[in-house]
Structures are given as C-alpha cells and as structure tokens.
Amino acid sequence: MPGAERNTALYRWRLAASVLAFTSAFIHLALAPAHWKESAAFGLLFAGAAGALIACGVALIIVPTRRWYMFGLGTVAGSIAVYAVTRVVAPPFAQGREPLEPLGLLTKAVELGLLISLAYLVRAEGSQATAPVTPAAADPAFTRRQFFRTGLTAGLGLAGAGMILGRQRLGHAGPGPQLPGYRPSALAGLSHGHATGVAVARQHPDAMDPMTFLRHFDYGKVTRGVRGQTTREYRLVAYPKEVEVAQGVVFPAWTFNGMVPGPTLRATEGDRMRIVFHNGDKHPHTIHLHGIHPANMDGVFEQIPPNGSYTYDFIAEPFGLFVYHCHTMPVTKHIMKGLYGTFIVDPPGGRPPAREMVMVMNGFDPDFDEENEFYTVNGITNYYLEHPIKIKVGELVRIYLTNMTEFDFINSFHLHGNMFKLYRTGTRLDLYEITDTVILGQGERAILEFRYKYPGNYLFHAHVNEFAERGWTGTFEVARA
Ligand code: CU
Ligand code: CU
C-alpha cells in the first residue's frame with residue numbers, strides 16, 4: 001500500500017499497534033510454560049495466541065494490508081471475549097469463575113489498545129477513497145470480513161478447546177498444585193502452577209511441617225495506638241491445595257494459607273484484631289470465629305465470593321481457646337475440606353510460662369463417602385509417633401487442644417503415665433478437673449497442663465481406639481531435666 005506508506009500518521013498507528021501486539025505476545029509466551037505444566041492444552045492455547053499476535057505484529061510493519069488488520073482484530077477480539085466470559089460468568093464446563101489477576105488485566109488493557117489501533121487503521125485507510133485499491137478490496141474471493149471471521153474463529157476455537165481439555169484434566173485431579181506440599185516445609189515455598197493463578201502468587205510462606213506448626217503462633221502485625229490500644233493484623237488467604245495426610249495419600253484440600261489446619265492466631269484479651277481475608281478459591285468462603293464480636297464480624301451472612309476480600313475487625317474477648325472456620329453452606333463440606341484453625345485469646349496477665357503447643361484433632365475423608373478414613377492431630381497421620389515431641393521432666397507443658405473433626409460426633413485425648421489439669425474452653429484460670437482423658441464434641445476446646453515425673457517415652461492418642469489406629473497417635477519423649 002504505497003499510499004499508506006507515505007502517510008506518517010498512519011505509519012505511527014501501525015508502529016504503535018505492532019508494539020502492542022508484540023507486548024501481548026510476549027506476556028502470552030512468558031505465561032505459556034506455567035500453563036503447560038497445568039495442562040498441555042493450556043500451554044498450547046497461550047503459545048498459539050502468542051504466535052498469532054507475533055504474525056500480526058510483523059505484518060503491521062512489512063505487509064500492512066487490511067486482511068492482516070482484520071485477522072489481528074479477530075484474534076484480539078476472540079482473546080478479550082474469552083477472558084471476559086471466563087471472568088464474568090462461569091462457563092458450563094468450568095468449576096467457577098476465573099479470578100481477575102493483575103497481569104491478566106494488564107494484558108487485556110494492551111489488547112484493548114491494539115483493538116482500538118487496528119479499528120482505527122481499518123477505518124482510516126478505508127476512508128482514503130482516492131487511495132489505490134487495496135489488495136483486500138480488490139479480491140472479492142477472500143474479503144476482509146472473511147479474514148476477521150477467520151481470526152475470530154481461530155481465537156475462540158483455540159481458547160475453547162484449550163479450556164475444555166484443561167478443565168477436564170483439572171476437574172479430575174481436583175484443583176491445586178500437584179506437590180505434596182505440607183509435609184516437607186522446604187517444598188512448601190517452591191510451589192507454583194495453580195489453575196487460578198492466584199495460588200501461585202499467594203503461596204503462603206507459613207506452610208509448615210507439623211513439628212513447626214505445633215509451636216507456631218501467629219501474633220499478627222502489631223501496631224500500638226496513641227491510647228495504648230494494641231492492634232494485630234493477620235492475613236488469611238483461602239485457596240485449594242493438595243496436602244499429603246498419610247503416607248502416599250494426597251487430599252485435595254481447601255486451605256487457609258496453604259495449611260490444614262490453618263495457622264494458629266493469637267492475641268491478648270482487649271487487643272483489636274484485624275483479620276484481612278482474601279478468597280483465592282473458586283468457591284465462596286468466610287471466616288467464622290468463635291468468641292464475642294459484632295454480627296457482621298461473625299462470618300456467616302457476609303459470604304466472600306471468589307477473589308473477594310473482607311476484614312474481620314473486632315476486640316478480642318473473652319480470653320480463652322477458640323476455633324475459626326469457614327461457614328459457607330454446606331458447612332460440613334467446607335470444614336471437611338480443611339478450612340479451620342485455632343484462635344487463642346490470652347488473659348491480660350498471661351498464663352504461667354510453659355512449653356506451649358497446639359493440637360488440632362481432625363479427620364480426613366479422601367474418598368468423599370462422608371466417613372473419615374484418617375484421623376490426625378495437626379494434619380498428618382502418626383506424625384508425632386514418628387517424630388516424638390521432646391519435653392523435659394518437671395517442665396510445665398500446656399496443650400491448646402481443639403476438635404475440628406467432621407462426621408464423628410466426638411474425639412478424645414488420652415495421656416499415658418500422667419494426669420493433666422483440664423481447663424475447659426480456657427475461659428477460667430482455675431482448673432476444671434484433674435484427669436487423663438478428655439472427650440471433646442465437634443468444635444469444642446480445652447487447655448491441658450501437665451508435668452512428667454519420670455523420663456521415658458509416653459504415648460498420647462484418641463481414646464476412641466479406631467481413631468488411634470487410623471492415625472491419631474503420638475509420643476512424648478521425656479528427658480531428664
Ligand atoms: Cu468455605
Ligand atoms: Cu464453629
């Protein structure tokens with residue numbers, strides 16, 4: 001098109017469009033390997049889009065015909081349409097809406113720029129009525145409309161095929177990274193490749209092995225106000241992740257911060273707690289906390305949609321031992337999948353110094369028959385049997401024990417060779433009784449305190465023997481002081 005070549009304004013438009021096409025192609029290429037790991041179809045989809053955009057970018061400079069403009073328009077329109085459809089509504093074959101991640105939005109902004117540039121070029125060159133007849137216009141056998149349709153069909157077809165194939169694969173394996181994740185803490189930080197793209201960026205550094213988890217308390221990010229008010233800010237992100245719950249048994253969990261149970265939140269009575277929650281999953285979730293707080297901080301009626309956020313902001317009271325968990329219907333499923341954790345409110349003066357640990361009793365139902373096949377404390381069967389918890393003779397041990405087992409009405413804790421002081425719900429500082437076994441209903445909690453008199457190895461386990469045999473057993477290794 002010699003006429004267009006002489007027109008510097010049009011040339012600049014083509015140059016700009018070409019740069020935009022290359023930018024979008026580059027982002028698609030950069031994302032292709034990560035998507036390839038999710039599924040070959042996803043990878044090919046991204047590589048295909050990149051290829052079409054590169055062809056368009058090159059053509060804009062060396063063969064700037066309307067056919068290529070229309071091809072580019074079709075490809076970009078298809079790409080934007082697929083993006084919009086998967087974000088606004090859930091396609092019938094998908095598990096839910098895709099999230100609006102920043103990189104995706106940036107790419108679409110670039111593509112929108114490209115779309116506008118191409119539309120301008122088509123219109124501007126078309127209005128040059130006196131310009132020499134373009135090849136596209138001169139060739140009725142293959143019009144620019146056909147080129148547009150070809151590009152659009154190719155873009156939509158490629159995207160649709162990729163998504164259907166990809167969904168089938170993901171739907172079967174369950175969403176989430178393919179790493180066992182939970183057991184080796186070294187692996188936990190290296191994860192990548194989740195279907196939503198959110199988990200990739202939000203793979204939480206808190207993911208930890210049960211021995212670390214046992215004594216890990218999240219006190220939040222602390223700020224102090226002018227009147228001495230302590231504010232603690234916590235971050236919880238819900239997202240799907242596969243966790244290894246027993247040797248070779250991987251459970252497609254829904255997690256808070258990549259862990260089942262979720263992190264143990266801790267504050268002192270009277271502290272202001274701000275729990276910043278982000279839902280990085282494809283299902284709505286909430287955080288329902290036990291304890292005293294306003295109705296809109298209760299995590300029941302304010303359902304947080306996929307990619308939504310909510311801040312639970314309240315004063316921690318009373319002191320005691322609590323749990324938090326998702327309260328989206330059906331609650332059984334949302335708890336069974338792993339969305340729960342422990343929440344400790346210390347009395348203003350604290351409790352006597354002790355070797356403190358958290359034990360969350362739970363069950364796992366990997367075959368989804370609404371009966372637990374495995375029982376654990378803190379997420380992995382028999383972990384503390386294989387890795388005994390080391391304590392010393394005479395040392396005060398304090399266990400924050402919670403029961404988040406679904407399907408079974410009760411769970412229990414039995415200590416060998418010793419008796420413990422029992423503080424039910426931890427809401428009083430005077431003890432409730434001295435015993436060696438405590439039974440807790442679903443959601444119930446108790447603080448246990450004890451000292452060992454003699455060195456040696458002592459079992460602790462559910463006194464529901466079926467649970468003990470299915471993984472809920474551990475050992476204290478008591479050394480001489
Ligand atoms: Cu939920
Ligand atoms: Cu509850």
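The values are calculated or read from the model by the stated rules, or taken from the named source; none is laboratory data. Computed from a predicted model, the values in this text were never measured in an experiment. Please note: Cβ atoms are built from the backbone with ideal geometry, for glycine as well, and neighbour counts cover all protein chains shown.
Within the range 274-294, if we keep just the residues that are among the aliphatic types (A, V, I, L, M), part of a strand (DSSP E or B) and surrounded by 19 or more Cβ atoms within 10 Å (Cβ to Cβ), the residue that is nearest to ligand 2 (Cβ to nearest atom) turns out to be L289. For M297, the test of being buried (at least 17 other Cβ atoms within 10 Å of the Cβ), under 29 Å from F364 (Cβ atoms) and within 16 Å of ligand 2 (Cβ to nearest atom) is failed. Scanning the range 339-348 for residues that are within 16 Å of ligand 1 (Cβ to nearest atom) and either outside any loop (DSSP other than H, G, I, E, B) or surrounded by fewer than 23 Cβ atoms within 10 Å (Cβ to Cβ) (or both) yields a count of 2. Scanning the range 430-438 finds no residues that are within 20 Å of N378 (Cβ to Cβ), within 16 Å of ligand 2 (Cβ to nearest atom) and among the aliphatic types (A, V, I, L, M).
In summary, strands (runs of 3 or more DSSP E) completely within the range 201-272 and bearing 2 or more residues that are at pLDDT 90 or above and charged (D, E, K, R) occur at 221-224, 230-246. Here I380 meets the list (1) surrounded by fewer than 16 Cβ atoms within 10 Å (Cβ to Cβ); (2) in a loop (DSSP other than H, G, I, E, B) almost entirely, failing just condition (1).
Can you find even one residue in the range 418-429 that is charged (D, E, K, R) and closer than 19 Å to P388 by Cα? No, there is no match, as no residue in the range 418-429 is charged (D, E, K, R) and closer than 19 Å to P388 by Cα.
In the range 307-351, the qualifying residues are those that are under 16 Å from Y234 (Cα atoms) and among the small types (G, A, S), and the one that is nearest to ligand 2 (Cβ to nearest atom) is G341. Can you tell me which residues in the range 261-273 are over 22 Å from N378 (Cα atoms) and surrounded by 23 or more Cβ atoms within 10 Å (Cβ to Cβ)? Of everything in the range 261-273, just one residue is over 22 Å from N378 (Cα atoms) and surrounded by 23 or more Cβ atoms within 10 Å (Cβ to Cβ), namely M273.
A25: at pLDDT 85 or above, under 16 Å from A124 (Cβ atoms), surrounded by 19 or more Cβ atoms within 10 Å (Cβ to Cβ) and in the same structural domain as M70 (by TED's automatic domain parsing), yes or no? When the stated conditions are applied, A25 does not pass them.
Name the single residue, out of those in the range 309-326 being within 19 Å of the chain's Cα centre (by Cα) and more than 10 Å from ligand 1 (Cβ to nearest atom), that is surrounded by the most Cβ atoms within 10 Å (Cβ to Cβ). Restricting to residues being within 19 Å of the chain's Cα centre (by Cα) and more than 10 Å from ligand 1 (Cβ to nearest atom), the top hit is Y324.
Conditions (1) in the same structural domain as L339 (by TED's automatic domain parsing); (2) surrounded by fewer than 23 Cβ atoms within 10 Å (Cβ to Cβ); (3) more than 22 Å from E317 (Cα to Cα), marked per residue:
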| site | (1), (2), (3) |
| --- | --- |
| F364 | yes, no, yes |
| D367 | yes, yes, yes |
| K390 | yes, yes, yes |
| E395 | yes, yes, yes |
| G443 | yes, yes, no |
| F450 | yes, yes, yes |
| N457 | yes, yes, yes |
| R470 | yes, yes, yes |
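Scanning the range 377-404 for residues that are of a type in the set (V, I, T) and touching a helix residue (DSSP H, G or I) at 6+ places or on another chain (Cβ under 8 Å) yields a total of 3.
Considering M419, M329, M336, which residue is surrounded by 23 or more Cβ atoms within 10 Å (Cβ to Cβ) and either out of contact with any Leu (no Cβ under 8 Å at 6 or more places or on another chain) or among the hydrophobic types (A, V, I, L, M, F, W, C) (or both)? That would be M336, the only listed residue that is surrounded by 23 or more Cβ atoms within 10 Å (Cβ to Cβ) and either out of contact with any Leu (no Cβ under 8 Å at 6 or more places or on another chain) or among the hydrophobic types (A, V, I, L, M, F, W, C) (or both). The requirement of being within 16 Å of ligand 1 (Cβ to nearest atom) and in contact with an Asp or Glu (Cβ under 7 Å, 6 or more places away or on another chain) is satisfied by H288. Of the numbered criteria (1) in a loop (DSSP other than H, G, I, E, B); (2) at negative phi, the one I391 fails is (1).
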